[in-house]
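Below is one structure; the comments refer to it alone.
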Amino acid sequence: MRSGDRKSAVFRYLIICVIATVFLVPFIWMVISSVKDPLHVFTRPIQWIPDKLHLENYVKLFTQYHFEQYVWNTVKLCLLNVAGAVVSCSLAAYGFAFGRYRYKNKIFLFVLLTMMMPGTITFFPQFILFAKIGWYGTLLPLWVPAFFATSAYYIFFLRQYFLTIPNVMLDSARLDGCNDLKTILYIVAPMARPVYVVMVLNIFIGVWGDFFNQLIYITKSENYTISIGLSYLNASYGSTNNSTIPILMAGSVVVSIPALLVYYFGQRTMVDGYVFRDVGK
Amino acid sequence: MRKRIISSLFIMSLAAGLVLTGCGGKESGDVDEAKADATTAGTVPHDEVEGEIVFTAWGSDAELETDREVLDAFQKEYPNVKVKFEPINDDYLTKVETMMLAGEAPDVIYGHPKYFQKWASQDLLLDMQPYFDNNEQFMDDSVYATNLYDAFKYEDKMVATVNGADTFLLFYNQDLFDEAGVPYPTEDWTWSDFLAACDKLTIDKDGDGETDQYAITAGKGHEQIEAYMAAFGGQLYDDVNDPSEVQVNSELNQEALQMWYDLINKYGYAPDAEGTEVVTGGFDGGQIAMDVDGVYQCVYRSGVDFNMGLAALPMEDVNSHYVSLMAGYCIPKDTKYPEAAWALASFMQEKAGQEILASTGLITTVDKEVAESDAVINMEGAPDNHILRVTSLDNAVNVDAKLTNWQETVDSVWQPAIDKLYNGDLTVKETLEKIQSGLEEMLESGR
Amino acid sequence: MSAREKKEQMKFFLFISPWIIGFLLFTLVPMIMSLYYSFTDWDVLTPERFVGIENYKGLFQDELFFQSVKVTGIFAAIVLPLNVFLSLMTAILLNMEGRFIGLFRTIFYLPSVLSGVVVAILWQWIFNSKYGLLNDFLGKLGIEGPRWLSDSQWSMWAMVIMSIWTIGGNLILYLAGLQAVPLSLYEAARLDGAGFWKKLFSITLPSMSPIILFAFLTTMISTLQTFTQAYIMTDGGPDNSTLFYVYYVYKNGFMYKKMGKACAMAWLLLIIIFVLSVFVLKASEKLVYYESDEGGKLA
């Protein structure tokens, strides 16, 4: 490596370190605050090293606030959404990749258009719809739609990957007696593994952090998700001595851990998943 | 073929759309309206009342604990009624209203009269008058402060049971007063006494230019500001329970608002709202000497580690008074179990329920005896002069106007104007003028 | 059509049937319904009343409506370039090998995968004017920080700052794109003596242009629908300075029960997004380079 390269590498690292520190600070504050007692969270100047570790805040999350219930509900929703999306989007992508129909590609273009649809526009009628069929107050509106290929985004990516499969492979599979289902499972889907990895991660994290939908549809405390639980903690009030801020921060830390783990280990695979084969229309 | 597929899809979606739109809103006769039989309403023996009901309320952990205690007592009294308690702290009003929209309303809803007025005007609430009529106790004004009932009536019919009325009083930290050598507030202290006390109580302990101890809180909430106005003798309307004239833009109110504003900005005796909200101590942590707040704060202030007393802001004007915040329990009209719902709503007003609600200092109960009882006034951790919470009621005015659009009025007229004042965008005079015209408009459109 | 072709056709529709049903039930029908409701005055509890274009006319007389458009527009105009381009620059910076590079990437990406609620709650307290992290830091620099969330002049900036913390969302996308640029191009450029900036503008950006466009569009659409921050942190205030469009839609629909007005606002948003998207696509025609267009021209 020439000295010029080394210098620029060091320089780069320096900038990265600065940026990383700035980005980390709020998070560090969050973690520190989660182990303080309420009176010490807001001090002037900020106490960066707590004098006593109040780990009981984490304990209280579960004993007093049933956080494990919220986590479980959220995990359930995430898994259901992932399952729904994987299944329905795969089917649709397969159809658009290999189906035979004169206007197939025109319909596909239309699907792409729906990517631009703001959720706001369908929101109120969907609410009325769900209320009419009695699903309001349950978790159903939060996962059933996922089984209907509502994400044009992933249909698109999956189709792109499916299309890279050489026809010879498909033909030979057909000759071997594979029906469509088997073809999908054993040949087509594995080709698009990176997209599935991305899907699983993104959808999981998306549902994990969803707020608006959960806010509207969830009413019973046994259905609370983490977002609702945190929001409840944030709105809850009381005397300063009983303040819930540290517990709220503890909850926030707990909620952030899956995101952390998932992305640290997944980021390699994710990068592969997005590589474009053919982006143009 | 393609044309047919597409057109049939189109027709199906139109049809689905029309069917669903056609089902907007309630059709009368659709749902079994709980029309109480006037003669038997509320007279079912307690162990025969059945049902599964949902009860919603808001509150800090301590308040919710109190609610749960009441529910336990209720359960014993009504063994065949199952109650599901759903506390809601985030945006209570919107949440409950959304539940009503979706047809999943709770059966017993805790709320303020302003909520009840709104819902009653939309014909959402059960008419409780027959139940009240059949209940001699409730109508007995030697037992209950029936003068409070008016706020809970819509078109002369009761639409909620009452739990009580909490006045806004001045909490003060006696230890800090002692330390600063300031005499405790008395019944006839003046605003100059007040300011002098504030001056001594605002202390920069370590000389770093930062105030470490403030004299008083000064929140932006409309109840607190109304408390100041009331102390000066000002009014919002001619009659808050039957408003016909807006009187908010008056000399007295200007003085009051100016005082509130100056406490923060001119004298620095009070931290700004963000500072008050934030956790470091505040009044409960012994860092602010006085706090104007609803007396329901007693519920967890009983645990503070200093000596606390109750007093009033200076009341120099002949019209000086207190403001009180009331709450009660209503029942949506189409509840499946009206008797069970009434059982719970009324239990809150019966002696057993009232005793529990009052025991922690949470509510100044509508049951007069309980409110003044020794168990309450001298409860553990009670502040000095606790009896003021009862005596102040005689000279208290409802902090909310009895208007169906009062909530909207606060949201769209009052609060934005106060926010502007707080930010320095408007002067006190301008703020009151703005509020005056806004309130007049809302009064007109609310009719 | 032969029997076999018919069968193939049926199979096609079978495979996309979940999508079709989903589209009809959850998209098309609600869209039509919301269009219908936008012409009514409806509070859900009572049957709706047809009022024609009253709602739309009413919007143009509603100063809060204009406020929400202004707030959302200004926010998007500031945040969008930052998100798309600043994030890109950081991605380029992070597009190197190294022992800890994975860690740094995670740090940069982390805020954007945190739950929106967590971010909003965290920053709500960071922005506290007396005791929050930000003003504490500014205080160390000798600057007295403003009342971020209580001052209508500063609240928008608070939202922007918070938004910058989460610009890592497109990082993975960018990294993938960067790594797909053929190294041979860079090699050739280096042999030609091209420096950092020349390489950036002649190779990296053009190759990345479809991705940048994609990121721009998707980020634009989601930024225009900002909601959580307004709900959790400011309730649209102070003095409606953070009254985001979708938050105002929520208020009208669920708080004021003006469903008709809310639906009208939603439809306007759709139209705005559509127009903007078309505009962006057209404007980018000259800028975006698709591999399929010119093979072999760059060598």
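At least 2 residues being at the interface with chain C (Cβ under 8 Å from one of its Cβ atoms) and under 28 Å from C:LEU133 (Cα atoms) is the threshold, and among the helices (runs of 4 or more DSSP H) wholly inside region A:1-73 those reaching it are A:3-33. When B:VAL390, B:VAL366, B:VAL376 are screened for being assigned by TED's automatic domain parsing to the domain that holds B:HIS46, touching an Asp or Glu at 6+ places or on another chain (Cβ under 7 Å) and closer than 30 Å to B:MET139 by Cβ, only B:VAL390 passes.
Look at C:THR228 and say whether it is open to solvent by 20 Å² or more (accessible area, probe 1.4 Å), closer than 23 Å to A:ASN234 by Cα, under 20 Å from the mean Cα position of the chain (by Cα) and facing chain A (nearest Cβ under 9 Å). Yes: the conditions hold for C:THR228. Set side by side, the residues B:ALA401, B:ALA341, B:ALA375 differ, and just one is assigned to a helix (DSSP H, G or I) and crowded, with 18+ Cβ neighbours inside 10 Å, which is B:ALA341.
Out of the residues in region B:86-109 meeting the condition of being within 17 Å of B:TYR337 (Cα to Cα) and open to solvent by 30 Å² or more (accessible area, probe 1.4 Å), tell me which one is modelled with the lowest pLDDT. Per the criteria, the residue is B:GLY103.
Set side by side, the residues B:LEU421, B:LEU357 differ, and just one is outside the structural domain of B:SER121 (by TED's automatic domain parsing) and either more than 20 Å from B:ALA73 (Cβ to Cβ) or open to solvent by less than 10 Å² (accessible area, probe 1.4 Å) (or both), which is B:LEU421. Once region C:152-171 is narrowed to residues that are in contact with a Pro (Cβ under 7 Å, 6 or more places away or on another chain) and of a type outside the set (Ser, Thr, Tyr), the residue that is surrounded by the most Cβ atoms within 10 Å (Cβ to Cβ) is C:GLY168. Just one residue in the set B:SER346, B:SER359, B:SER392, B:SER412 is out of contact with any strand residue (DSSP E or B) (no Cβ under 7 Å at 6 or more places or on another chain) and over 30 Å from C:ASP151 (Cα atoms); that residue is B:SER359.
Condition check ((1) modelled with pLDDT of 80 or more; (2) surrounded by 20 or more Cβ atoms within 10 Å (Cβ to Cβ); (3) more than 8 Å from chain A (Cβ to nearest Cβ)) across all residues:
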| residue | (1), (2), (3) |
| --- | --- |
| C:SER112 | yes, yes, yes |
| C:VAL117 | yes, yes, no |
| C:GLN124 | yes, no, no |
| C:ILE143 | yes, no, yes |
| C:PRO146 | yes, no, yes |
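Only one entry in A:PHE162, A:PHE156 is among the aromatic types (Phe, Trp, Tyr) and within 30 Å of A:TYR217 (Cα to Cα), namely A:PHE156. Residues that are buried (at least 16 other Cβ atoms within 10 Å of the Cβ) and more than 23 Å from A:ALA9 (Cβ to Cβ) do not occur anywhere in region C:187-196. So if I check each of B:THR335, B:THR360, B:THR365, which one is within 14 Å of chain A (Cβ to nearest Cβ) and of a type outside the set (A, V, I, L, M)? After applying the criteria, what remains is B:THR360.
Pairs linking a residue in region A:224-235 that is without any contact (Cβ under 8 Å) to a residue 60 or more places away in the chain to a residue that is of a type outside the set (Val, Ile, Thr) and assigned to a helix (DSSP H, G or I), with Cβ atoms under 8 Å and 6 or more positions apart or on different chains, are A:LEU230/A:LEU248; A:LEU230/A:GLY251; A:LEU230/A:SER252; A:SER231/A:LEU215; A:ASN234/A:LEU248; A:ASN234/C:GLN124. Within region A:93-118, residues that are over 18 Å from C:LEU28 (Cβ atoms) and of a type outside the set (Lys, Arg) reach partners that are assigned to a loop (DSSP other than H, G, I, E, B) and open to solvent by 40 Å² or more (accessible area, probe 1.4 Å) with beta carbons closer than 6 Å, at six or more positions or on different chains, in the pairs A:ALA97/A:LEU163. Looking at C:ASP192, C:ASP235, just one residue is of a type in the set (Asp, Glu) and either over 30 Å from C:SER129 (Cβ atoms) or under 16 Å from the mean Cα position of the chain (by Cα) (or both), and that residue is C:ASP192.
To keep it simple, each residue is scored yes or no on (1) surrounded by 15 or more Cβ atoms within 10 Å (Cβ to Cβ); (2) away from chain A (no Cβ under 14 Å); (3) modelled with pLDDT of 50 or more; (4) assigned to a loop (DSSP other than H, G, I, E, B).
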{"site": "B:ILE6", "(1), (2), (3), (4)": "no, no, yes, no"}
{"site": "B:ALA16", "(1), (2), (3), (4)": "yes, no, yes, no"}
{"site": "B:THR21", "(1), (2), (3), (4)": "yes, no, no, no"}
{"site": "B:LYS26", "(1), (2), (3), (4)": "yes, no, no, yes"}
{"site": "B:ALA62", "(1), (2), (3), (4)": "yes, no, yes, no"}
{"site": "B:ASP67", "(1), (2), (3), (4)": "yes, no, yes, no"}
{"site": "B:LYS76", "(1), (2), (3), (4)": "no, yes, yes, no"}
{"site": "B:PRO79", "(1), (2), (3), (4)": "no, yes, yes, yes"}
{"site": "B:VAL83", "(1), (2), (3), (4)": "yes, no, yes, no"}
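With respect to the stated conditions, B:LEU357 fails to be within 13 Å of B:GLU69 (Cα to Cα), in contact (Cβ under 8 Å) with a residue 12 or more places away in the chain and touching a helix residue (DSSP H, G or I) at 6+ places or on another chain (Cβ under 6 Å).
For region A:82-196, the helices (runs of 4 or more DSSP H) that sit wholly inside it and include 2 or more residues that are open to solvent by 30 Å² or more (accessible area, probe 1.4 Å) and closer than 30 Å to C:GLY260 by Cβ are A:104-113, A:120-132.
The values are calculated or read from the model by the stated rules, or taken from the named source; none is laboratory data. Nothing here was measured: the structure is a model prediction, and the numbers come from that model. Methodologically, a virtual Cβ is constructed for each residue, glycine included, from the backbone with ideal geometry; neighbour enumeration extends over all protein chains shown. Keep in mind that these areas ignore ligands, DNA and RNA; they rest on the heavy atoms of the full protein, side chains included. Shrake-Rupley method; radii C 1.70, N 1.55, O 1.52, S 1.80 Å.
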